[in-house]
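The values are calculated or read from the model by the stated rules, or taken from the named source; none is laboratory data. Since the structure is predicted, the reported quantities are computational estimates derived from the model, not experimental observations. No Cβ is skipped: glycine too gets one built from the backbone with ideal geometry, and neighbour counts run over all protein chains shown. For the accessible areas, the whole protein counts, side chains as well, though only heavy atoms, and no ligand, DNA or RNA atoms are used. Shrake-Rupley method; radii C 1.70, N 1.55, O 1.52, S 1.80 Å.
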Amino acid sequence: MSEECQISVAPKNGQLARNVSIQFADGTKFHDCINVHSAKARRALVRGAAEKLAVDVVDLEWLDDAIVDAANEVDIRVATATKPTSGRKNQATQLMELAEGVELFHDPGQVAYARISGDGHYEVVKLRTAAFRRWLAAAFYHVAGHAPSEGAIENALQVLEGNALYKGPERRVHLRVAEHDGRIYVDLGDRSGNVIEITADGWQLREESPVMFRRPKGMLPHPVPVRGGSLDELRAFVNVAPGDWPLVAAWLVAALQPRGPDVLLAVQGAQGSAKTTLCKTLRQIIDPHEAPLRSDPRQLNDLVAMANNNRVVAIDNLSHMSDTVSDALCRIATAGGFTRPASGHDDEETILDLQRPVILCGIEELVKRGDLLDRSIVLNLPTIADNRRRLEVDLDAEFEEARPRIFGALLSAASTAQRNRPFTRIDNPSRMADFEHWATAAEPGLGLAPGEFLRANRANRADAIEVVLSSTPIGSALPSFLERAGGSWSGTATELLEQLNSTAEDALRRQKGWPKSAAALSGILHRLETHLRAVGVEVRDKRRGHKGTKVIGDHQGGAGTKNSVSSVSSDRRWAAGGGR
């Protein structure tokens, strides 16, 4: 179909929706009201026009770009129009002129940003936020002596957003830590706008950042780091068992690694073991904030908002974790992808890349699900004797005095990791292999002996797995059953459940997690499969015929028990054999 047509785009009540009218060469007219900056809305309009013209949608694909061009032309014309009665520029035009020196761009998720100046430094803000509207209004008041109208601000924002999306470059926006050209950058967050550049040769202050950093509300500045300090100085301010210190040091240096996966630090202990102090201290070293610890997120949206606006997600006094929150924390640690409706665009989604280091604090065991445990370090803090307790005000003052040296030592450890990473190899890495690799490469900078971190990490993981297995009735009953069976057993899931029901202790069978059906038993064992293997319980699946059978082979990689088991669906046969 010919591309000759007339397209008219007009605003509707100052909103994002526009009235779009199209008159084709054959006289056919089509009208709709859409958000012209939404690709989904434009596609729907094109489909509607194709149906009215009784043509293939492919024949009208050119309309998509034509609508965008027409909308941009109208926006610019409206914003730069003058009042015919006085010849004076309207407010929208003046606002546009005030923003001429602003760097406009968009991120990969098609969110519009501006890099604005203020108090001698630059800040990166989203266009569709109160912060940028305030900046525009303040700039206008400084020139005109009165506030601009909301309609003028909205008209100017529409044009600026279009320019950012369609004419501005695409740039990633980071929070506190970023990587660029093989270098790590840490935003100090102060009014100077300085950043720390970390390379394999060391670290240095830079006045100009090659990457874009945003600064959410509540973010506090780092102290200017000091060279020559030692991370061991931190040990005087936290209550950590000596065997767990390598894990704390490793978590800290890993939190400066721009790329995930990140690690969840679960801090547990009795009342009075200084759990909150430890969590707050670690958070303030990596990501200083007015509210370093947050309360339990009751909804997924609360957790997503927390992760979006904090480099470190730190949750205090956590007593219960829903499956939804547990799954979301797994994604924050490794996968990172979340979506939510775009502001002002009901038919679009904003994609959030939210990989973050996480701290959880509570009295009881916080991490029980296997998938989250695989991404976690679990610290059980020792109790503090009454004669060792100190006033918090004194402790805080001493920590603030030492913080520049501690921060500088951590930056040096990250540089050491950069330098050693190409030459570091890990035997039998865990699911968090990237974390293990980075922390091992940083060991000399952390003051750790070669292999000290890995030994502590694997002992910690073994303890955590034991907790997970012992917290489930099947995980507790199965090793004893296999031992009585001589180390091997075979049969269907239904038969296995019958055997366990007849041999397990009454206390186990009365627990909430005891399976009531063969299908439930199979599901439990599938979830525990990785952790059973870690203690010598091997899972091997060989399908034969239409049913498929389970065959358990000898397992040589586990530690702990010598028994093996596996899970299947309820209609398959089982076979279990002892590992060695």
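Using a 7 Å offset from the Cα along the Cα-to-Cβ direction at both residue 66 and residue 488, what is the distance between the two label points in nm, to one decimal?
For residue 66 paired with residue 488, the spin-label model returns 7.6 nm.
When the Karplus curve 6.51 cos²θ - 1.76 cosθ + 1.60 is applied with θ = phi - 60°, which whole-Hz ³J(HN,Hα) does each residue of segment 170-187 get, with x for Gly and Pro?
Values, residue by residue: 8, 9, 7, 10, 10, 10, 6, 10, 8, 10, 8, 6, x, 10, 9, 10, 10, 6 Hz.
If the chain between residue 516 and residue 433 were fully stretched, how many nm would it gain, using 0.36 nm times the residue separation less the Cα-Cα distance?
Once the chain is fully extended between residue 516 and residue 433, it gains 26.2 nm.
Using 1/(1 + (r/R0)^6) with R0 = 22 angstrom and r between the beta carbons of residue 97 and residue 170, what's the FRET efficiency to the nearest 0.05?
For residue 97 and residue 170, the calculated efficiency is 0.30.
May I ask for the net charge around residue 229, where only other residues with Cβ less than 11 Å from the Cβ of residue 229 are counted and Lys, Arg are +1 while Asp, Glu are -1?
+1
Using the heavy atoms of the protein chains alone and a 1.4 angstrom probe, what is the accessible area of segment 356-505 per residue in square angstrom?
47
Let's test the formula: R0 of 45 Å, r as the Cβ-Cβ distance of residue 459 and residue 207. What FRET efficiency results, to the nearest 0.05?
That gives a FRET efficiency of 0.50.
Filter the cross-link list 126/280; 52/126; 29/126; 89/167; 40/167; 217/275 down to pairs whose alpha-carbon distance in this structure exceeds 31 Å.
52/126; 29/126
So how much accessible area does residue 277 have, in Å² to the nearest 10, using a 1.4 Å probe?
40
Roll a 1.4 Å probe over the protein heavy atoms and report the accessible area of residue 172 in Å², nearest 10.
150
Roughly how many Å² of residue 502 are accessible to a 1.4 Å probe, to the nearest 10?
Per-residue accessible area (residue 502): approximately 90 Å².
Starting from segment 356-444, pick out the GluC sites (Glu not before Pro) whose DSSP state is loop and whose Cβ has at most 11 other Cβ atoms within 10 Å.
In loop regions of segment 356-444 (DSSP not H, G, I, E or B), the sparsely surrounded GluC sites (Glu not before Pro) are 364.
What does the extension gain come out to for residue 394 and residue 154, with contour length at 0.36 nm per residue minus their alpha carbon separation?
The residue 394-residue 154 span can extend by a further 81.3 nm.
With only alpha-carbon pairs counted, each pair once and no self-pairs, how large is the Kirkwood hydrodynamic radius of segment 118-267 in angstroms?
It works out to 18.8 Å.
What FRET efficiency would be calculated for the residue pair residue 293, residue 117, taking the C-beta separation as r and a Förster radius of 30 Å, to the nearest 0.05?
Approximately 0.35, to the nearest 0.05.
Whenever you get a sec, compute what percent of the accessible area on segment 391-484 sits on carbon and sulfur atoms (1.4 Å probe).
Here carbon and sulfur together make up 52 percent of the probe-accessible area.
With labels modelled as points extended 7 Å from the Cα through the Cβ direction, what inter-label distance (nm, one decimal) is found for residue 21 paired with residue 323?
5.5
Among the GluC sites (Glu not before Pro) in segment 174-224, which ones are in a DSSP loop with at most 14 other Cβ atoms within 10 Å of the Cβ? Mind listing them?
207, 208
Could you calculate the contour length gain from residue 530 to residue 55, that is, 0.36 nm times the residue separation minus the distance between their Cα atoms, to one decimal place in nm?
Full extension of this stretch gives 165.4 nm more.
Return the distance in nm (one decimal) between the two label points of a simple spin-label model at residue 480 and residue 241, each offset 7 Å from Cα along Cα→Cβ.
It is 2.5 nm.
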